[in-house]
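In what follows, a single structure is set out as structure tokens and then discussed.
The values are calculated or read from the model by the stated rules, or taken from the named source; none is laboratory data. Given the structure is predicted, the values throughout are model-derived calculations rather than measurements. Methodologically, a virtual Cβ is constructed for each residue, glycine included, from the backbone with ideal geometry; neighbour enumeration extends over all protein chains shown.
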Amino acid sequence: MDKLKILVVDDESRMRKLVRDFLVKQNFDVLEAGDGEEAVDIFFREKDIALIILDVMMPKMDGWQVCREIRAYSKVPIIMLTAKSDERDELQGFDLGVDEYITKPFSPKILVARVEAILRRSNLLTNEDIISAGGIELNKSAHQVKIDGKDIELSFKEFELLAYFMENQGIALSREKILNNVWNYDYFGDARTIDTHVKKLRSKLGEKGELIKTIWGMGYKFEP
């Protein structure tokens with residue numbers, strides 16, 4: 001499979017290098033832009049960019065404007081980087097069609113994990129339907145889960161929940177985010193639904209249930 005192209009846009013060369021090095025290790029092809037205008041030029045010249053990592057504060061054209069320019073023509077996944085943790089900024093990002101929103105400073109490993117999760121959701125990382133972690137093997141096309149080679153019976157929602165955890169391993173997931181991604185945005189139930197499903201899922205996973213960590217007051221994290 002050809003390497004997927006990722007465009008990293010930040011006016012700090014040190015930040016671009018840090019992100020690029022981690023992405024290259026995961027076999028991505030990385031393009032760089034030092035300002036918003038250069039980013040737009042590269043995006044329309046290259047045509048086949050799979051995802052954009054975009055800083056907000058930049059010279060010539062800021063991240064919001066870059067996002068507007070690109071969203072007028074493309075639904076390419078965009079991860080916004082910002083030094084601010086202002087809720088209004090975050091809401092503006094989602095209004096513009098930003099897929100993820102990460103506040104600096106951040107862990108490059110977490111950024112790469114989010115890149116991979118978004119690309120899986122976009123069906124760009126579908127070279128394999130099998131996800132393996134911590135002795136659990138999940139086959140999405142066969143809707144089958146095995147622990148140390150033995151089949152485990154899961155309900156549809158338990159399977160979806162486990163798949164979401166495994167695709168986002170190492171990332172802290174709020175109950176709201178889990179509801180939105182596993183139960184979809186049209187679900188108006190109680191977040192306790194998640195706790196009930198996690199309890200059942202842990203029980204069925206036996207010892208492997210310990211891989212689903214509770215983050216008190218927030219949600220869960222799958223950590224093999």
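Which one of ASN127, ASN123 is surrounded by fewer than 16 Cβ atoms within 10 Å (Cβ to Cβ), closer than 28 Å to LEU173 by Cα, at pLDDT below 85 and under 14 Å from the mean Cα position of the chain (by Cα)? That would be ASN123, the only listed residue that is surrounded by fewer than 16 Cβ atoms within 10 Å (Cβ to Cβ), closer than 28 Å to LEU173 by Cα, at pLDDT below 85 and under 14 Å from the mean Cα position of the chain (by Cα).
The set of residues in the stretch 1-46 being of a type in the set (Lys, Arg) and closer than 17 Å to LEU81 by Cα consists of ARG14, ARG16, LYS17, ARG20.
The set of residues in the stretch 10-37 being aliphatic (A, V, I, L, M), over 18 Å from the mean Cα position of the chain (by Cα) and more than 14 Å from ASP48 (Cα to Cα) consists of MET15, LEU18, ALA33.
When LEU205, LEU179 are checked against the criterion of being surrounded by 18 or more Cβ atoms within 10 Å (Cβ to Cβ) and at pLDDT 90 or above, a single residue qualifies: LEU205.
Note on the stretch 24-60: residues that are touching a residue at least 60 places away in the same chain (Cβ under 8 Å) and under 21 Å from LYS75 (Cα atoms) total 4.
Screening TYR101 with (1) part of a strand (DSSP E or B); (2) at pLDDT 85 or above; (3) touching a helix residue (DSSP H, G or I) at 6+ places or on another chain (Cβ under 7 Å) gives one miss only, at (2). Does the stretch 23-32 contain at least one residue that is closer than 18 Å to TYR101 by Cα, buried (at least 17 other Cβ atoms within 10 Å of the Cβ), modelled with pLDDT of 90 or more and acidic (Asp, Glu)? Checked the stretch 23-32: no residue is closer than 18 Å to TYR101 by Cα, buried (at least 17 other Cβ atoms within 10 Å of the Cβ), modelled with pLDDT of 90 or more and acidic (Asp, Glu).
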